[in-house]
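K.L.:
Quick one: this structure, given as C-alpha cells, is what I'll be asking you about.
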Amino acid sequence: MEDDQRRLLDEDQRRLLEEAQRVARIGAFRWDFDRDELWYSDNMYRLFGMDPRTAQPQRPGTFLAEVADEDRPRMRELMSRAAPPGLLVETVFRRRTQPDRIFRLRARCDWKDGEPAVAWGTIQDVTEQHAQEQRRRSYEKRLEEAERLAGLGSFDANIRTGEARWSPGLYRLWGLDPSNPAPTSDEYLGMLDPEAADLHRSRFRKALARDDDRSYNYEFSRVGPDGRRHWYAVYAEIYDAPDGARARGTVQDITSRKRLAIQHQELAELGLRALRHGDVQSLFSEAAQVIARVLEVPLVGVLELTPEGNLESQAFVGWRPEEVAPFHPGPQTTTGEALRSARPVVIQDWTTEKRWQHPLLAAHGVRSSLVARIGGIDHPYGVLTAQSLRPNHFDSEDVWFLEALGGLLATALERLRAEAEVAELARMRGRLVADAVDAEERIRRRISEELHDGALQDLLAARQDLLQADHDVDNRCELVNNARAGVERAVRQLREAVGALHPVVLQHGGLETALQAAAEQAASRAGMAVDVQVGEGAAGVRDELVLSIARELLANAARHSRAEKVTVRVERRDGHIVLTVADDGVGADREAVARAPKEGHIGLASLAQRAEAVGGGMEIDSAAGAGTTVTVTLPVE
C-alpha cells in the first residue's frame with residue numbers, strides 16, 4: 001500500500017514537473033559519461049520538434065550538427081571540456097532546423113574520483129524573452145537618445161532611504177560613470193552649490209507638505225565637467241509606492257538657452273552704454289570685460305587696426321602690458337585670417353593645430369582660441385580675441401556672440417565718428433556764421449571809413465571852396481573847379497559804396513556788366529588783368545549769388561595770388577550755372593587748402609557752404625606755383 005502511494009506521488013510530481021517545463025518552454029537532460037547514457041525529459045523532445053514517444057536523445061555529434069553555423073564553434077568548445085565542479089555553464093544558440101527560435105543552455109558537471117562523471121542541465125526556448133529584451137533595449141536606447149538630444153536626465157529616489165535610480169542621461173549630465181551606483185539624495189545635494197542645495201530643500205519640503213499638488217521645480221547652476229558654468233531645470237513630483245514615498249522627475253540642461261539670454265542681455269546693455277557716452281576707450285574696456293565674463297575665458301584682447309596696418313591693443317584682460325605690443329597681422333596669424341576672410345576663426349585645440357603657430361599663447365597654456373573681426377563700412381576697425389586654457393571651449397553660440405559684439409562695436413564706432421564729424425561741422429558752421437557777421441561788420445566799417453575819409457572830406461572841401469569863392473573874386477574860377485572835382489570824386493566813391501551794399505549795377509546793367517565792374521575794382525587794387533566771359537543763357541538765373549561769390553573770389557585772388565591774369569567765366573551746362581575763376585598766381589598745395597578751415601581760414605569754406613545751401617558745390621584745384629582754379633556749380637532750379 002505504501003509502495004502504491006509512493007508510486008502515485010512520484011507520478012504526480014513527474015506530471016507537475018512536465019507541466020511546469022511545458023509552460024516555461026524548458027527541457028531537461030542528463031548525460032552519464034561512464035555508462036554513456038543520455039536522457040531527455042519529454043519537453044526536451046518537444047522543444048526540438050521531436051515526438052517523445054518515438055524519438056531518441058540526440059548524441060553529442062548529432063546535437064552539435066544541428067546547432068547553427070555561427071553558434072557551433074562556441075558550443076563545440078563548451079562540450080569539449082568538462083566544467084569544474086559546481087560551475088554553471090550558460091550560453092544561447094540557434095538550431096539550423098529552427099532558425100527563428102533561440103535556446104538557452106544551462107549545465108553543470110558532477111565529478112567522481114577527479115574525473116567528470118555526469119553532465120546535466122536544462123535547455124529553454126527564450127525566443128519571446130529575447131524579443132522582449134531586444135524591445136526593452138531598443139526602448140532604452142531610444143529613451144537615452146531622446147534624453148541626449150534634449151539634454152535631459154531622469155531619476156527616481158526613495159525619500160526614506162535616499163537610494164536612487166538614475167537614467168544614463170542624468171549620469172551624462174553630471175559627467176559620472178553609469179556603471180557606478182547612483183548617488184544617494186544626500187550625496188546629490190553635496191554635489192550642488194550651497195545656494196542650489198538650499199533651494200532644492202525648500203521646494204522639496206513645500207511639495208512634501210502639500211496634500212494635492214506634490215510637484216516642485218527649480219533652476220540652478222554649477223560648474224560642469226568642461227569647466228564652464230551650466231544651468232539646469234528640475235521638474236519633479238512626490239508619489240506613493242509600495243516601499244514608501246518616492247520622488248521622481250527630470251533634470252534638463254538649459255545652458256544653451258540661458259547663455260543665449262545672457263548674451264542678448266549683455267549685448268543690449270553694452271549697446272545702451274555705447275549710446276550714453278562717446279568715450280571709445282571706455283567702450284573698448286567694457287567690451288573686454290563682457291567677453292571675459294560671458295565666454296568665461298581668462299585672456300581677452302580688443303585690438304584696433306592702425307593706418308599702418310598693425311594691430312594695437314586698446315583693451316585687454318589677463319595679458320601683461322609688455323605682452324600687448326603692436327604687431328602686424330600677417331597671413332599666418334589667426335587675426336590676419338579673420339581680417340582677410342571677414343569670418344570668425346576658431347581653434348578648438350592648439351596641440352593639433354597645423355595652420356598657425358603662436359608661441360605667446362603656448363606660453364600661457366592656451367588650448368583654444370576665438371577671433372572675430374570688428375567690421376566697418378569702408379575697412380575693418382580691428383579684431384576681438386578670446387583665449388581659453390581648455391580645449392574645445394567655444395561652441396557655435398560663443399562664435400555668434402563674439403561676431404555680434406564685433407558688429408555692435410563697429411556700429412558704435414561709426415556713430416561716434418559720425419558724431420565727431422557732425423560736431424566738427426557744427427563748429428565750422430559756427431565759425432562761418434561768426435566770420436560772416438565779422439565780414440559784414442568789416443564791410444560796414446570799411447565803407448564808413450571810405451565815406452568819411454573820401455567822399456565826406458571831398459564834399460566838405462568842395463563846400464569850403466564854394467564859400468570862399470563868394471568872397472575871392474580873383475580865384476573864384478579855380479575854387480569852383482576844385483569844388484566840381486571834389487563833388488565828382490565823392491559821387492564816384494558813393495556809387496562804389498552803394499554797389500558794395502547793393503548790386504545796383506546788376507539790376508541795371510546785368511550780370512556781365514556787374515562782373516566787369518567787380519573785375520575792374522579788383523584789378524585796380526592788385527594791378528592784374530581780369531578777363532570776364534558770360535556764356536549764352538548763363539545770366540538771369542543765379543545772378544546775385546554768382547556775383548557775390550565771384551566778387552569774393554576776385555578779392556581773394558587780389559589779396560593772395562600775386563597773379564598777373566585772372567579769368568572769370570560763367571556758363572550754363574547740364575542744368576547748372578558754372579562759375580570758374582582761374583588765376584596764374586602762386587597757388588597752394590592741396591594739404592594746405594584742406595587744412596585751412598581747421599586753422600581758422602574759412603573764406604573759401606564759407607563760399608562752399610553758400611553754394612551747398614542751394615544744392616550746388618565748389619571744387620578747388622590748386623598746386624604750389626601752378627595757380628588756382630575755383631569751380632562753383634549752382635543748380636538752375
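K.L.:
Output wanted: per-residue J couplings in Hz (rounded whole) for the range 398-412, from phi through Karplus 6.51 cos²θ - 1.76 cosθ + 1.60, θ = phi - 60°, x for Gly and Pro.
P.N.:
Result, ordered by residue: 5, 4, 4, 4, 5, 5, 5, 5, x, x, 5, 4, 4, 4, 4 Hz.
K.L.:
Now a separate question. Calculated FRET efficiency, Ala150 and Asn217, Cβ-Cβ r, R0 22 Å, to nearest 0.05?
P.N.:
Numbers: r = 16 Å, r/R0 = 0.72.
Between Ala150 and Asn217 the formula returns 0.85.
K.L.:
While we're looking at this one, here's another question. Considering only C-alpha atoms, what is the centroid distance from the range 524-594 to the range 193-231, in Å?
P.N.:
For the range 524-594 versus the range 193-231, the Cα centre distance is 84 Å.
K.L.:
Same structure again: Probe radius 1.4 Å, ligands and nucleic acids left out: which of Lys258, Lys112 has the largest accessible area, and how do the rest follow? Provide the component values of the computation, followed by the final result.
P.N.:
Numbers: Lys258 70, Lys112 125 Å².
Largest to smallest exposure gives the sequence Lys112, Lys258.
K.L.:
Here's another thing I want to ask about it. Which of the listed residues, His358, Ala274, Pro73, is farthest toward the dipole's positive end in the chain, when Lys, Arg count +1 and Asp, Glu count -1 at the beta-carbon?
P.N.:
Comparing the listed Cα positions along the dipole, Pro73 ranks first.
K.L.:
Tell me the accessible surface of Arg46 in square angstrom (1.4 angstrom probe, heavy atoms of protein chains only), to the nearest ten.
P.N.:
Estimated to the nearest 10 Å², Arg46 gives 120 Å².
K.L.:
With the full set of protein chains in place, find how many percent of the accessible area of the range 530-576 is carbon and sulfur; take the probe as 1.4 Å.
P.N.:
37 percent
K.L.:
Is there a quick way to get the dipole size of the chain? I mean about its Cα centre, with the Cβ of Lys and Arg at +1 and of Asp and Glu at -1; what is the value in debye to the nearest 20? Numbers along the way, then the final one.
P.N.:
On the way: 85 positive and 104 negative charges, 345 e Å.
Result for the chain is approximately 1660 debye, rounded to the nearest 20.
K.L.:
With r defined as the distance between the Cβ atoms of Arg248 and Glu397 and R0 fixed at 35 Å, what FRET efficiency is calculated, to the nearest 0.05? Can you show the working numbers first?
P.N.:
Working: r = 31 Å, r/R0 = 0.90.
Once rounded, the FRET efficiency stands at 0.65.
K.L.:
Rounded, prolate or oblate: pick one for the range 282-380, where a ≥ b ≥ c are the square roots of the eigenvalues of its C-alpha gyration tensor, a/c under 1.5 means rounded, and failing that, prolate if a/b is larger than b/c, else oblate.
P.N.:
Details: a/c = 1.41, a/b = 1.09, b/c = 1.29.
In terms of gyration-tensor shape, rounded.
K.L.:
Please calculate how many Å² of accessible area the chain carries per residue, with a 1.4 Å probe and no DNA, RNA or ligand atoms counted. Walk me through the intermediate numbers first.
P.N.:
Working: 37020 Å² over 637 residues.
Here the residues of the chain average 58 Å² of exposed surface.
K.L.:
Based on the alpha-carbon gyration tensor of the range 24-72 and its eigenvalue square roots a ≥ b ≥ c, which shape applies: rounded if a/c is under 1.5, prolate if not and a/b is larger than b/c, or oblate?
P.N.:
On the way: a/c = 1.66, a/b = 1.04, b/c = 1.59.
Note, shape of the range 24-72 comes out oblate.
K.L.:
Here's something else I'd like to know. How much of the DSSP bridge set in the chain is antiparallel, in percent, rounded to the nearest 5?
P.N.:
Numbers: 102 of 108 bridges.
Taking every DSSP beta bridge within the chain, about 95 percent pair in antiparallel fashion.
K.L.:
Choose one of Ser221, Ala236, Leu208: the residue whose Cα lies farthest towards the positive end of the charge dipole of the range 194-248 (beta-carbon charges +1 Lys, Arg; -1 Asp, Glu; about the Cα centre).
P.N.:
Projecting each Cα onto the dipole axis, the largest value belongs to Ser221.
K.L.:
Now for a separate question. Using label points projected 7 Å from each Cα along Cα→Cβ, tell me how many nm separate Leu78 and Lys354, to one decimal.
P.N.:
About 5.0 nm, to one decimal.
K.L.:
On the protein heavy atoms, probe 1.4 angstrom, tell me the percent of accessible surface of the range 229-331 carried by carbon and sulfur. Kindly include the intermediate steps, with their values, before the conclusion.
P.N.:
On the way: 2840 of 5050 Å².
Carbon and sulfur: 56 percent of the exposed surface of the range 229-331.
K.L.:
Now for a different question. On C-alpha positions alone, give me the angle between the axis of helix 255-276 and the longest principal axis of the chain, in degrees, nearest 10.
P.N.:
10 degrees
K.L.:
Further, regarding this structure: What accessible area, in Å² to the nearest ten, does a 1.4 Å probe give for Met75?
P.N.:
About 0 Å², rounded to the nearest 10.
K.L.:
Another question, then. Order the following by accessible area, largest value first: Val223, Val383. Probe radius 1.4 Å; ligands, DNA and RNA are ignored. Spell out each step's value before the answer.
P.N.:
Working: Val223 80, Val383 0 Å².
The ordering from most to least exposed comes out as Val223, Val383.
K.L.:
At a probe radius of 1.4 Å, what is the per-residue accessible area of Lys141, in Å² to the nearest 10?
P.N.:
Spelled out: Lys141, probe radius 1.4 Å, area about 150 Å².
K.L.:
Right, something else. Is the range 232-275 best put as rounded, prolate or oblate by its Cα gyration tensor, with a ≥ b ≥ c the root eigenvalues, rounded for a/c under 1.5, and otherwise prolate when a/b is larger than b/c, oblate when not?
P.N.:
On the way: a/c = 10.53, a/b = 5.22, b/c = 2.02.
Prolate shape, in that a/c is at least 1.5 and a/b is the bigger ratio.
K.L.:
Continuing with the same structure: Starting from the Cα of Arg142, step 7 Å along the direction of its Cβ; do the same at His560; then give the gap between the two resulting points in nm.
P.N.:
Result for the modelled spin labels: 8.7 nm.
K.L.:
Between the range 145-169 and the range 81-133, what is the C-alpha centre distance in whole Å?
P.N.:
Taking the Cα centre of the range 81-133 as reference, the centre of the range 145-169 is 36 Å away.
K.L.:
Might you report the magnitude of the Cβ-based charge dipole of the range 183-311 about its Cα centre, with Lys and Arg at +1 and Asp and Glu at -1, to the nearest 20 debye? All intermediate terms of the calculation are to be shown ahead of the outcome.
P.N.:
Working: 17 positive and 21 negative charges, 48 e Å.
Around 240 debye, computed over the range 183-311.
K.L.:
Could you check the simple spin-label distance between Leu64 and Thr513, using points 7 Å along Cα→Cβ, in nm with one decimal?
P.N.:
13.6 nm
K.L.:
If the reach is capped at under 27 angstrom between alpha carbons, list the lysines near Lys206, excluding any in the same chain fewer than eight residues apart.
P.N.:
Lys258
K.L.:
Rg/Rh for the chain to two decimals, with Rh computed the Kirkwood way over all alpha-carbon pairs. Please report the intermediate quantities before stating the final value.
P.N.:
Details: Rg = 52.3 Å, Rh = 37.0 Å.
Radius of gyration relative to Kirkwood radius: 1.41.
K.L.:
Just subtract the alpha-carbon distance of Leu275 and Arg30 from 0.36 nm times their residue separation and send over the number in nm, one decimal.
P.N.:
79.0 nm
K.L.:
Hey, another quick one. Go through Leu170, Met44, Leu416 and say which Cα lies farthest out towards the positive end of the charge dipole of the chain; charges sit on Cβ, +1 for Lys and Arg, -1 for Asp and Glu.
P.N.:
Checking the options against the dipole of the chain, the answer is Met44.
K.L.:
Another question about this same structure. Going by amide H atoms built from the backbone, whose H comes under 5 Å of the H on Arg390, apart from near neighbours?
P.N.:
Amide H neighbours of Arg390, under 5 Å, 5+ apart: Arg367, Ser368.
K.L.:
Further, regarding this structure: What list of ³J(HN,Hα) couplings, whole Hz, do you get for the range 85-94 from phi and the Karplus terms 6.51, -1.76, 1.60, once you set θ to phi - 60° and write x for glycine and proline?
P.N.:
Here the 3J(HN,Hα) series is x, x, 7, 8, 9, 9, 7, 10, 7, 10 Hz.
The values are calculated or read from the model by the stated rules, or taken from the named source; none is laboratory data. Since the structure is predicted, the reported quantities are computational estimates derived from the model, not experimental observations. So basically every Cβ, Gly included, is an ideal-geometry build from the backbone, and we count neighbours across all protein chains shown. Protein only, heavy atoms only, side chains kept; ligands, DNA and RNA dropped before computing areas. Shrake-Rupley method; radii C 1.70, N 1.55, O 1.52, S 1.80 Å.
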